[in-house]
Amino acid sequence: MLNGVDKFKEECGVFGIYVNEEKTIASSVYYGLFALQHRGQESAGIALTTGSDFIVSKDVGLVSDVFDEDFLNIKGIAAIGHVRYSTTGGSRAENAQPLFSKYKLGNIAIAHNGNLVNADIVRELLEDAGVIFQTTIDTEVVLNLIARAARKGIERAVFDAMQAVKGSYSILILTDDKLIAVRDPHGIRPLCLGKIDGGYVLSSESCAFDAIGAEFVRDVEPGEIIIIDKEGIKSFKLVEKTKLETCAFEYIYFARPDSFMDGISVYESRLRAGEELFKESSVDADVVIGVPDSGTFAAVGFSNASKIPYSIGFIKNKYIGRTFIEPKSQLRERAVSIKLNPLKTNVEGKRVVLIDDSIVRGTTMRRLIDILRKSGAKEVHVRIASPKVAYPCYFGIDTPYRSQLIGAVKSVEEIGREIGADSLAFLSIEGLLKALNKESFCLGCFSGTYPVSAPLEIDKFQFERNE
């Protein structure tokens with residue numbers, strides 16, 4: 001659940017590097033993870049191999065807090081890293097990734113972004129067979145499946161393990177001499193391949209390549225397994241037929257705007273979303289403002305299309321960011337004022353169009369509208385640069401029960417009244433697809449139709465019994 005926070009939480013980020021000779025690659029992974037910090041702030045970790053020794057450093061906290069200078073100066077031939085926000089399993093040190101183990105073929109570490117919808121079933125089968133689990137996260141299920149099939153060799157073991165699981169995953173696996181990447185057959189979670197002097201890099205987002213001076217090569221294809229070792233790079237497919245259905249919320253909110261995902265500029269898609277939003281839901285107003293940072297680029301797009309001036313409406317406290325600890329419920333609404341403060345001179349006496357990427361519970365938007373009115377705004381018209389969120393996600397985004405999604409229990413008109421807006425409109429699914437310039441995405445949180453069937457017993461899809 002969201003613990004009262006009126007935004008979806010990020011999933012995780014993964015980063016890996018392989019070079020042909022020992023270099024100080026831990027620092028490269030560090031900077032790569034630093035660029036992916038927006039994807040998770042609960043824990044961070046790096047596993048590194050020298051070809052003979054395995055070294056792992058991980059803990060709860062931000063990237064800048066977890067690793068010391070001595071570790072970052074260690075030389076190796078390959079490494080993987082991970083930043084985490086928990087979607088399965090709690091926020092505990094033992095759940096920090098990469099997970100490390102010794103198995104028949106040597107050492108192995110694994111880092112995972114996504115969520116396995118059949119993890120509980122597979123975990124129970126493994127426990128019945130005598131496997132003991134050290135963590136509560138679904139990543140350990142994959143690690144044990146690989147270890148059990150080790151007699152077949154690492155490549156076949158990875159292939160067989162991934163045949164047994166369903167859901168979303170971008171996974172990096174490190175052995176003593178190999179770096180392996182796997183993306184699920186629907187490509188729900190992003191993963192891309194890059195090149196650096198003497199080797200290759202893999203990352204959840206292309207922005208991390210810029211951080212270390214690597215060159216973007218291509219996106220990892222849905223259902224693709226990539227193996228990098230001293231012989232070079234090779235790949236093969238998990239299944240014959242795949243369909244790219246990247247999570248639409250990667251473009252709407254999660255990814256950094258300077259990233260490219262599956263051929264789409266995140267920045268340009270957000271601009272286009274704002275333009276489409278105006279085409280669908282125009283309004284007479286004096287100024288367009290965005291909710292920082294997620295609504296900013298859609299607001300610029302809305303302004304460009306409408307010719308209504310764009311202006312800064314809120315100043316964001318740069319020392320808080322997404323890691324701000326929420327206070328108790330009675331003070332939570334006041335916390336919005338600590339994060340975002342109005343720039344009164346830009347809204348006083350004006351009809352304001354307020355742009356944001358989504359509405360989850362509605363509590364934050366209600367507070368922001370109240371702040372604008374107290375700052376002298378004559379009217380506040382809310383425009384949301386995504387469709388109405390009415391269903392939970394099972395594929396690596398932390399979402400609440402359906403009963404706590406305001407879009408699941410109220411109409412657009414009812415939501416508008418609830419948040420106190422003069423008018424409210426959401427971007428249609430058709431408008432979103434126009435903004436993304438492609439037709440195939442995971443739109444489950446908007447439509448209730450998912451690329452992979454989720455078990456019906458998952459209770460967050462149901463309305464809570466007392467409602």
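The values are calculated or read from the model by the stated rules, or taken from the named source; none is laboratory data. Please read these numbers as outputs of a predicted model, since none were measured by experiment. Note that we place each Cβ from the backbone using ideal geometry, even for glycine, and neighbour counts take in every protein chain shown. Accessible surface areas use protein heavy atoms only, side chains included; no ligands, DNA or RNA. Shrake-Rupley method; radii C 1.70, N 1.55, O 1.52, S 1.80 Å.
Looking at (1) over 23 Å from SER386 (Cα atoms); (2) at pLDDT below 95, can you tell me which one PRO222 breaks?
Only one criterion in (1) over 23 Å from SER386 (Cα atoms); (2) at pLDDT below 95 is unmet by PRO222, namely (2).
Can you tell me which residue in region 136-147 is modelled with the lowest pLDDT, limited to those that are crowded, with 18+ Cβ neighbours inside 10 Å and farther than 21 Å from ALA79 by Cβ?
Restricting to residues being crowded, with 18+ Cβ neighbours inside 10 Å and farther than 21 Å from ALA79 by Cβ, the top hit is ASP138.
Report yes if ASN73 is without any contact (Cβ under 8 Å) to a residue 60 or more places away in the chain, within 14 Å of CYS12 (Cβ to Cβ) and out of contact with any strand residue (DSSP E or B) (no Cβ under 6 Å at 6 or more places or on another chain), otherwise no. Please lay out each step first, then the result.
Values: without any contact (Cβ under 8 Å) to a residue 60 or more places away in the chain: yes; within 14 Å of CYS12 (Cβ to Cβ): no; out of contact with any strand residue (DSSP E or B) (no Cβ under 6 Å at 6 or more places or on another chain): yes.
No; evaluated as a whole, the condition is false for this residue.
Kindly provide the set of residues from region 150-179 that are within 16 Å of PHE236 (Cβ to Cβ) and either modelled with pLDDT under 90 or of a type in the set (S, T, N, Q) (or both), ordered by number.
Of all residues in region 150-179, those within 16 Å of PHE236 (Cβ to Cβ) come to 152-163, 171, 173, 178-179.
Within region 150-179, just GLN163 meets the criteria.
Confirm whether LYS58 is surrounded by fewer than 21 Cβ atoms within 10 Å (Cβ to Cβ) and of a type in the set (Lys, Arg).
Working: surrounded by fewer than 21 Cβ atoms within 10 Å (Cβ to Cβ): no; of a type in the set (Lys, Arg): yes.
So LYS58 fails the test.
I need the full set of residues from region 258-295 which are of a type in the set (D, E, K, R) and more than 20 Å from ARG39 (Cβ to Cβ), in order please. Step through it out loud before you land on a result.
Going residue by residue through region 258-295, those that are of a type in the set (D, E, K, R) are 258, 262, 268, 270, 272, 275-276, 279-280, 284, 286, 293.
Result: GLU268, ARG272, GLU275, GLU276, LYS279, GLU280, ASP284, ASP286.
Inside region 40-65, can you point out the residues that are part of a helix (DSSP H, G or I) and either among the aliphatic types (A, V, I, L, M) or in contact (Cβ under 8 Å) with a residue 60 or more places away in the chain (or both)?
Step one: of region 40-65, the residues part of a helix (DSSP H, G or I) are 63-65.
Selection gives VAL63 alone.
Any residue at all in region 35-43 that is crowded, with 20+ Cβ neighbours inside 10 Å and over 15 Å from the mean Cα position of the chain (by Cα)?
Checking region 35-43: not a single residue is crowded, with 20+ Cβ neighbours inside 10 Å and over 15 Å from the mean Cα position of the chain (by Cα).
Could you tell me whether any residue of region 298-307 is part of a loop (DSSP other than H, G, I, E, B) and either small (Gly, Ala, Ser) or at pLDDT 95 or above (or both)? Explain how you work it out, then say what you get.
Just the residues of region 298-307 that are part of a loop (DSSP other than H, G, I, E, B), to begin with: 307.
Pick out the ones that are also either small (Gly, Ala, Ser) or at pLDDT 95 or above (or both) and you get 307.
Looking through region 298-307, at least one residue is part of a loop (DSSP other than H, G, I, E, B) and either small (Gly, Ala, Ser) or at pLDDT 95 or above (or both).
Residues of region 378-398 being open to solvent by 10 Å² or more (accessible area, probe 1.4 Å) and over 21 Å from PHE254 (Cβ atoms), which ones?
Passing the criteria: LYS378, GLU379, HIS381.
Go through (1) farther than 19 Å from GLY45 by Cα; (2) touching a residue at least 60 places away in the same chain (Cβ under 8 Å); (3) of a type in the set (A, V, I, L, M, F, W, C) for ALA147 and report which single condition fails.
Evaluating ALA147 over (1) farther than 19 Å from GLY45 by Cα; (2) touching a residue at least 60 places away in the same chain (Cβ under 8 Å); (3) of a type in the set (A, V, I, L, M, F, W, C) leaves (2) as the failure.
In region 419-437, what residues are out of contact with any Asp or Glu (no Cβ under 8 Å at 6 or more places or on another chain) and open to solvent by 60 Å² or more (accessible area, probe 1.4 Å)?
GLU430, ASN437
Could you list all residues from region 338-362 that are in contact with a helix residue (DSSP H, G or I) (Cβ under 7 Å, 6 or more places away or on another chain) and open to solvent by 30 Å² or more (accessible area, probe 1.4 Å)?
The answer is ARG361, and nothing else.
Pull up region 66-98, narrow it to residues that are assigned to a strand (DSSP E or B) and modelled with pLDDT of 95 or more, then point me to the one that is most open to solvent (accessible area, probe 1.4 Å). Show your work before the answer.
Let us first name the residues in region 66-98 that are assigned to a strand (DSSP E or B), namely 76-84.
When the remaining residues are screened for being modelled with pLDDT of 95 or more, the result is 76-83.
Values: GLY76: 0, ILE77: 26, ALA78: 0, ALA79: 0, ILE80: 0, GLY81: 0, HIS82: 0, VAL83: 0 Å².
Once the filter is applied, the top-ranked residue is ILE77.
Can you find even one residue in region 399-418 that is open to solvent by less than 30 Å² (accessible area, probe 1.4 Å), modelled with pLDDT of 95 or more and at negative phi?
Checked against the condition, which is being open to solvent by less than 30 Å² (accessible area, probe 1.4 Å), modelled with pLDDT of 95 or more and at negative phi, region 399-418 yields at least one hit.
Exactly one of these conditions fails for ALA273: (1) under 15 Å from ASN437 (Cβ atoms); (2) in contact (Cβ under 8 Å) with a residue 60 or more places away in the chain; (3) more than 18 Å from the chain's Cα centre (by Cα); (4) open to solvent by 10 Å² or more (accessible area, probe 1.4 Å). Give me its number.
(4) is the only condition that ALA273 fails.
What's the number of the condition PHE133 fails, among (1) over 27 Å from ALA93 (Cα atoms); (2) in contact with a Lys or Arg (Cβ under 9 Å, 6 or more places away or on another chain)?
(1)
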